[in-house]
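What follows is one structure encoded as structure tokens, with my remarks underneath.
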Amino acid sequence: MYQKDISSDAAQPFDLDARFAEDKSSLLARIARWGSPILSVAMLVAILHNARDVDLTELLRLPAHPLFWVCLVLSYLATPVSEWIIYRRLWKIPADGLVALLKKQVSNELLMGYLGDAQFYLWARRRTDMTGTPFAAVKDVSILSAMAGNAATLLLLVLGWPYLSAAHAGVATRTIVISVGVMLASSLLVFLFRRKLFSLPRPTLWFVTGIHMARIGFGLAVMAAAWQLLLPHLPLSWLLLLAMLRMLISRLPLVPNKDVMFAGVTLLLLGSTIGIGEATTKIALLTLAGHIGVGLVILAVDGEIWGRKKAA
């Protein structure tokens, strides 16, 4: 059913799947064969490189509240689980698809944004039993994720602007205006060229958008709860400010380690204000350690990097 919906679109402008299908011995075929293993090796190098940034002394000073760890784990899993739900609807994706999506998240965070998407696309191409044109789906899901993030960021700016003004946090108005302008311009371009950009049926596009919005709302809620558990006296104004800054930084394309950047930005802008800098640094360090740990476990059993063949 999904394959029929995609292949019936004659105006498909980004038919990378057709290019792969037409050319089985050229550069594209070699990319299909070696691209994912090469990215796996690159991910291993990135993991080893980022491991140098983990301060073991600081890491051992772990928060004691068990709910903090629940919130941190839920926040970490929000993106891969939501995407698994999306691709389950599109492709009847099996359980091991969640591992591929976790690997995608680690690659995006430790290597460079969207490299994980490329890696996931190559994984999907090999699963020909469940995919018709995976590029069309991965492309649409990625674009809608960006658009949902833009919408959520703009909403947070509207809700949080009075608190931001009252907090005197030192965030330059010009910087925020430029960020908003970039988000609005990119969203407008997507809207204007939506018929050429998107390939999935309209009901499916609305479903994907809804899942992305739910994921963003859930992720911000559990992260706000984690901040509150670390800083029980943190007022609502600062929670909104942190959420807004986090979403603004998450909109930066092709930037790895966004949580580490977020911690650096909050420390630069807010300093040691009511312990916010220390709390965001702690969460960023734990998230980085999580990426490293998850990535090492995945690579340890990854047949691509060790030359083992997986079952079809």
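No lab work stands behind these numbers, since they all come straight from the coordinates. If you're wondering where the values come from, they're calculated on a predicted model, not measured in any experiment. Here the Cβ is made from the backbone with ideal geometry for all residues, glycine too, and neighbour counts use every protein chain on show.
Figures for the structure shown
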quantity	calculated
Modelled FRET efficiency - R0 51 Å, residue 65 with residue 42, Cβ distances, 0.05 increments	0.90
Order of 301, 70, 99 under a 10 Å beta carbon neighbour criterion, fewest first	301, 70, 99
Ranked 49, 233, 212, criterion: other C-beta atoms within 10 Å, fewest first	233, 49, 212
